[in-house]
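For reference, the structure discussed in these notes is given below.
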Amino acid sequence: MEPDAIVTIVDQWNRERPDLDASPMLVIGRLFRLTHTLDQRLRPPFAAAGLGSGDFDLLAALRRAGEPYALSAGELSRTVLVTTGAITKRVDRLEARGLVSRTVDETDSRGRLIALTTEGVALTDELIAVHLDNQRRLLSGLGEDEQAHLADLLERLAATLTA
């Protein structure tokens, strides 16, 4: 296997600043590049369905919530990790397409719930199958044990960063 661009960058820093350990770039640099590459390769099915960035995340959060596939804007915000303002913009787009609806929360008449429509459920169910197949394909260069090990390592890294 040929060295990737990150190895070249680390080698350059080792040459220019041998007093510094540039090896963290081997992980962090690769994570950044992989994030960009994965985003580019995961986005096309959503774009083909006319969904903007983050729209599928909102639809999937509602679908995962189970019947009646409805959450408040605050719950959605915590689930997809964006502001309620960003949620509102996404909901506006998805509501215009007939994929979600807004209803009054029966437990709090001041609150609103965002719910998947029948069309929203069907599109989400179709796209999650495509999305998972795409993810499987992108990980196919790693064996099952390697994927499990990488998942564990990433979980540990995430835990240390949020501690």
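Descriptive notes on the structure:
- For first residues located in segment 11-24 and in contact (Cβ under 8 Å) with a residue 12 or more places away in the chain, partners that are in a loop (DSSP other than H, G, I, E, B) and open to solvent by less than 100 Å² (accessible area, probe 1.4 Å) and lie 6+ apart or on another chain with Cβ distances below 8 Å form the pairs TRP13/LEU20; TRP13/ALA22.
- Lone qualifier among ALA49, ALA5, ALA22 - being among the hydrophobic types (A, V, I, L, M, F, W, C) and within 29 Å of THR118 (Cα to Cα): ALA49
- Cβ-Cβ under 6 Å pairs, at least 6 apart or on other chains, segment 59-80 side free of Cβ contacts under 8 Å to residues at least 40 places away in the same chain and within 20 Å of HIS131 (Cβ to Cβ), far side open to solvent by 40 Å² or more (accessible area, probe 1.4 Å) and not polar (S, T, N, Q): VAL80/ASP57
- Of residues in segment 126-146 being open to solvent by less than 60 Å² (accessible area, probe 1.4 Å) and free of Cβ contacts under 8 Å to residues at least 24 places away in the same chain, the one farthest from the chain's Cα centre (by Cα): GLY143
- For segment 63-83, a residue qualifies if it is among the charged types (D, E, K, R) and surrounded by 12 or more Cβ atoms within 10 Å (Cβ to Cβ), and the qualifying residues are ARG63, ARG64, GLU75, ARG78.
- Out of ALA86, ALA60, sole residue that is open to solvent by less than 80 Å² (accessible area, probe 1.4 Å) and either modelled with pLDDT of 95 or more or not in a helix (DSSP H, G or I) (or both): ALA60
- When TRP13 is tested against (1) farther than 20 Å from HIS131 by Cα; (2) assigned to a helix (DSSP H, G or I); (3) open to solvent by less than 80 Å² (accessible area, probe 1.4 Å), just one condition goes unmet, and that condition is (3).
- From the options ARG97, ARG156, residue that is basic (Lys, Arg), at pLDDT 95 or above and over 29 Å from LEU71 (Cα atoms): ARG156
- Within segment 103-121, if we keep just the residues that are part of a helix (DSSP H, G or I) and within 20 Å of the chain's Cα centre (by Cα), the residue that is surrounded by the fewest Cβ atoms within 10 Å (Cβ to Cβ) turns out to be VAL121.
The values are calculated or read from the model by the stated rules, or taken from the named source; none is laboratory data. From a predicted model like this one, the values you see are computed outputs, not experimental measurements. Here the Cβ is made from the backbone with ideal geometry for all residues, glycine too, and neighbour counts use every protein chain on show. Side chains included, ligands, DNA and RNA excluded: accessible areas come from the protein's heavy atoms. Shrake-Rupley method; radii C 1.70, N 1.55, O 1.52, S 1.80 Å.
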